[in-house]
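**Q** Quick one: the structure is below, and I'll ask about it shortly.
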Amino acid sequence: MISKLSTSSFYIQLYQIIEDRSSDQIISWSKSNNNSFVVWDLKKLRSDILLKSSSVLGRNLTEFIAKLRSHGFKTVGKGPGELEFSHVDFSRSPVMKKMMAKALSERIERFDAQIKALKCRLKAKKASLKVETLFQNLSI
């Protein structure tokens, strides 16, 4: 069931990369299985995707595969230079797409709330410093 799948940064970033049509020659959904994706070009995955993205997915192929396994993905056999990974709850479906979009939206909302809280703290700190400066000027 999809609800078992955490909406961690790992799953969101992986889903976005797989969904990105411009990277289909490197990584894309499997044509035969909705619950798996294929890495078509391992070298380009490393140079064009892993090295340019955040370290959430790993910086090299070994880290990437280790993170996939730690997140419940299984390796499915493929040809030389290609790997296929499968996860029962990670799929190409409208429901998954909505779930990932919602998770990303929620992360943005949390980030916006954090920024707002930081701005409030900064405003309070400025006010506090202003009061301190006034008191210092009075005591001179």
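**Q** My understanding is that a pair violates if its Cα-Cα distance is over 31 Å; which of 43/74; 44/119; 52/78; 31/52; 52/116 do that in this structure?
**A** 44/119
**Q** Taking Cα atoms, how many degrees apart are the long axis of helix 9-19 and the longest axis of the chain, rounded to 10 and kept between 0 and 90?
**A** The helix 9-19 is inclined about 50 degrees to the chain.
**Q** Find how much the distance from residue 124 to residue 44 grows on full extension, using 0.36 nm per residue of separation minus their present alpha carbon separation; answer in nm with one decimal.
**A** This chain segment gains 23.9 nm when fully extended.
**Q** OK, next. Mind checking the dipole of the chain: about its Cα centre, +1 per Lys or Arg Cβ, -1 per Asp or Glu Cβ, Debye to the nearest 20?
**A** The calculated dipole for the chain is roughly 500 debye.
**Q** Which label marks the calculated value of Cα Rg over 2.2 N^0.38 Å, given the options [x] 1.04; [y] 1.55; [z] 0.98?
**A** The value matching this structure is [y].
**Q** Among 117, 34, 58, whose Cα lies farthest out toward the positive end of the dipole of the chain, if unit charges sit on the beta carbon of Lys, Arg (+1) and Asp, Glu (-1)?
**A** 117
**Q** When the chain is fully extended, how far beyond the present Cα-Cα distance does residue 108 get from residue 56, taking 0.36 nm per residue of separation?
**A** Result for the pair: 17.0 nm of gain on full extension.
**Q** Right, something else. For the chain, what's the relative contact order in percent, using C-alpha pairs closer than 8 Å and at least 6 residues apart?
**A** 23 percent
Each reported figure results from applying straightforward, stated rules to the coordinates on display, with no laboratory input. Predicted model only: the values in this text are computed from it and were never measured. Cβ sites come from the backbone with ideal geometry, for glycine too, and all protein chains shown count toward neighbours.
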